[in-house]
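Every number in this text was worked out from the coordinates using simple rules, so none of it is lab data. Bear in mind the structure is a predicted one, so any value in this text is a computation, not a measurement. Here Cβ is always computed from backbone atoms with ideal geometry, including for glycine, and neighbour counts include all displayed protein chains.
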Amino acid sequence: MKKMGFIINPVAGMGGAVGLKGTDGEETLRKAIALGAKPIAPKRARVFLSNLQNMSREIVLFAAAGRMGEIEAKNAGFTCITIGQPKEKTSPSDTKESAELMIREKVDLLVFCGGDGTARDIMDVVDLKIPVLGVPTGVKMHSAVFAVNPEAAARIAAKFLTVGLPLREAEVMDVDEEAFRQGRLSARLYGYMVVPYEEEYVQSIKMPSSRSENELRNQAAIAVYFIEKILQPGVIYILGPGTTTRTIADLLDQKKTLLGVDLLLNSKIIARDVNEKEILKYIENNRAKIVVTPIGGQGFIFGRGNQQISPRVIRKIGKQNIIVISTKSKIQNIRFLRVDTGNPRVDEELRGEMQVIIDYGQTVTMPVK
């Protein structure tokens with residue numbers, strides 16, 4: 001029987017809906033809890049495990065103790081071998097210790113639930129020693145070690161542990177979370193881990209936006225079209241992160257945050273870097289629309305760095321009021337748009353097709369997966 005290791009970072013992703021862009025550090029975690037943040041990783045872990053239940057008798061599951069994997073595994077009906085000692089408060093050192101113990105147990109695959117920070121912690125210990133797969137549960141997931149969603153992670157794990165999948169070295173990105181919170185994306189290649197690969201179910205590395213003259217002109221043309229043909233008085237526009245959405249505000253002589261979610265009404269930014277609770281308050285009894293741009297190289301329009309636009313927000317506004325904008329160069333490098341809101345039902349409602357504005361008066365139809 002194959003052995004699978006399982007580690008959860010129980011606080012990963014808690015900063016997303018409350019607009020903190022991460023949960024690294026005790027102070028940030030305390031702030032997230034004070035803002036009403038709820039645990040995200042355990043719920044996402046349950047989705048992964050529920051989709052792997054038919055494998056429960058075919059694999060030996062090694063789960064990190066307590067909140068770091070054991071509890072969710074047992075609740076999902078798995079008989080697991082517990083690794084380490086349970087702790088009420090967990091830290092990166094606990095993640096690393098659990099990974100070290102998994103290596104000693106010679107697991108065939110180590111699955112972890114977290115974001116880029118957790119991926120870095122795992123990589124510090126694992127390096128290229130054993131295959132690893134990330135279940136995306138963080139706020140920022142720029143690394144290429146993650147499945148596109150928990151369901152896809154279960155599919156990859158099951159296939160790899162039964163019939164096998166090819167392995168590839170996948171990038172682990174190191175993002176400066178403090179700079180990220182201040183509106184600066186400072187990322188570097190941290191290293192590599194070996195990941196089971198199936199193209200449709202493993203995400204690509206996030207590609208940085210081009211700053212070429214053609215790209216800037218394209219962004220400007222999209223923004224002009226949006227302002228002239230789409231912008232309506234009395235409608236609140238929820239502007240997602242990115243340089244393309246920020247160009248709209250620039251042409252309106254408004255200052256938009258690059259990595260936050262801002263609200264635009266009557267050509268004015270009325271709130272910057274809002275969280276889920278603030279968005280819901282502003283759009284109550286008001287007409288509203290969402291404006292997002294896909295992540296370069298990955299295609300995500302929801303679930304990566306914009307968790308403030310939560311399933312509750314999306315449901316309240318409706319798919320028909322979602323506007324997707326993208327430069328031609330970015331759209332040429334993705335085959336479809338992706339959604340991973342954290343709510344499988346909302347994801348299913350968003351799937352199908354969406355129109356994407358790619359230039360002044362030009363749109364393309366893209367499949368949504």
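The table below lists the values:
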{"read-out": "Of (1) 30; (2) 25; (3) 57, the label for percent of Cα pairs over 34 Å apart derived from the coordinates", "value": "(2)"}
{"read-out": "Mean shadow area of the stretch 2-196, taken as a quarter of the surface of its Cα convex hull (nm²)", "value": "9.7"}
{"read-out": "For the chain, built as a Gaussian network whose Cα springs stay under 10 Å, the top-fluctuating residue of MET141, MET55, MET102", "value": "MET55"}
{"read-out": "Where Rh is the Kirkwood radius over Cα pairs, Rg/Rh for the stretch 61-125", "value": "0.93"}
{"read-out": "GNM top mover of ASP116, ASP94, ASP253 - the chain, alpha-carbon springs below 10 Å", "value": "ASP253"}
{"read-out": "Cα shape, the stretch 213-368, gyration tensor, a/c 1.5 rule", "value": "oblate"}
{"read-out": "Relative contact order (%) - the chain, alpha-carbon pairs under 8 angstrom, separation at least six", "value": "14"}
{"read-out": "Cβ crowding within 10 Å averaged over residues, with 360-367, 257-264, 268-275 ranked highest first", "value": "257-264, 268-275, 360-367"}
{"read-out": "Lys, Arg +1 and Asp, Glu -1 on Cβ, resulting dipole of the stretch 213-368 about Cα centre, debye, nearest 20", "value": "240"}
{"read-out": "Neighbourhood charge, 11 Å Cβ-Cβ cut-off, centred on ARG312 and excluding it, Lys, Arg +1 and Asp, Glu -1", "value": "+2"}
{"read-out": "Helix-only CD estimate at 222 nm, as mean residue ellipticity for the chain, using -39500 (n - 2.57) per DSSP H run (n ≥ 4)", "value": "-9000 deg cm²/dmol"}
